[in-house]
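Below: the structure, in structure tokens.
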Amino acid sequence: MRLWLITCPDNFAAEYDDIEEMFRRGLTRLILDKRGRGGNPHATPEDYERWLLSLPMDLRDRIWVRGTPDVAEQLDVRGCVCEAESFMGEVPESWKRVNCVAFCRSPEQIEKLPDWVAGALLGPIMQPQSALEIVETLGTSLNINAKTSVILWGGVDTDTIEDFKKMSPAGVAALGGVWNYADPVNAFIKLNRVVI
């Protein structure tokens, strides 16, 4: 099982230093998901490019951006995380070359994904309130019949990781389980130790 880290929605002064240190301490998968300017729910490719300039180029191979496969290619990152519906039906052939992870809100969405999609980010599993909105949780008693790798999110931290492990996912994605702490690097190190 692998630990994926989702970036903090809000930019803060030490974020780049913390993320670089987490990469040094074993982080292999970062989902770059930022809010856009002016209250937009997602950043533009230009916003992401500006954000990425603060990290060494060699780290881009460990970053998936929240956006389309075209955005991932434009930014020269490892892959993208995109709404599951975007992968249904006809898509450009170029999308099939990109490492795509579908953002899913139900196991049924995972079952409908095309074979070329590399993974599914499913959640929220726990935690009835997300950082952005009140959402319905899926719970830990899910029965997931997936032909792709499943990454679970929502309530992942050192206290709940054993519940996630029982579901046998390919990975878990943390947001609050790292960024809600005064020392995010230390929170990441502790969580990464128990995920592996």
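The values are calculated or read from the model by the stated rules, or taken from the named source; none is laboratory data. Keep in mind that what you see is a predicted model, and the values were worked out from it rather than measured. Positions of Cβ are backbone-derived with ideal geometry, glycine not excepted, and every protein chain shown enters the neighbour counts. Accessible surface is based on the protein model in full, side chains and every heavy atom, while ligands, DNA and RNA are left aside. Shrake-Rupley method; radii C 1.70, N 1.55, O 1.52, S 1.80 Å.
Given a Förster distance of 41 angstrom, what is the FRET efficiency for Glu108 paired with Lys190, based on the Cβ-Cβ distance and rounded to 0.05?
0.75
Excluding residues on the same chain fewer than 8 positions from Lys147, give the lysines whose Cα lies under 16 Å from its Cα.
Here the lysines satisfying the reach criterion relative to Lys147 are Lys112.
Hey, how many Å between the Cα centroid of the stretch 44-71 and the Cα centroid of the stretch 145-196?
Going from one Cα centre to the other spans 22 Å.
Using Cα pairs closer than 8 Å and at least 6 residues apart in sequence, work out the relative contact order for the chain, in percent.
It rounds to 20 percent for the chain.
Between Asp10 and Asn145, what is the spin-label point distance in nm, taking each point 7 Å from the Cα along the Cα→C-beta axis?
So the label points at Asp10 and Asn145 sit 4.4 nm apart.
Two decimals is fine: what is log10 I(q)/I(0) at q = 0.08, 0.09, 0.12 Å⁻¹ for the chain, from a Debye sum with one equal scatterer on every Cα and no solvent?
Per q value, in the given order, log10 I(q)/I(0) is -0.24, -0.31, -0.56.
Please name whichever of Pro92, Gly26, Gln127 sits farthest to the positive end of the charge dipole of the chain, dipole taken about the Cα centre and charges placed at Cβ: Lys and Arg +1, Asp and Glu -1.
Of Pro92, Gly26, Gln127, it is Gly26.
Once R0 is set to 30 Å, what does the formula 1/(1 + (r/R0)^6) return for the Cβ-Cβ distance between Lys165 and Glu83, expressed as a FRET efficiency to the nearest 0.05?
Once the sixth-power term is evaluated, E becomes 0.65.
Enumerate by residue number the GluC sites (Glu not before Pro) in the stretch 49-150 meeting two conditions: DSSP loop (anything except H, G, I, E, B), and at most 11 other Cβ atoms within 10 Å of the site's Cβ.
For GluC sites (Glu not before Pro) across the stretch 49-150 that sit outside H, G, I, E and B with at most 11 neighbouring Cβ atoms in 10 Å, the list reads Glu90, Glu133, Glu136.
Quote the accessible area belonging to Trp153 in square angstrom, nearest 10, computed with a 1.4 Å probe and with ligands, DNA and RNA left uncounted.
Around 50 Å² of this residue is reachable by solvent.
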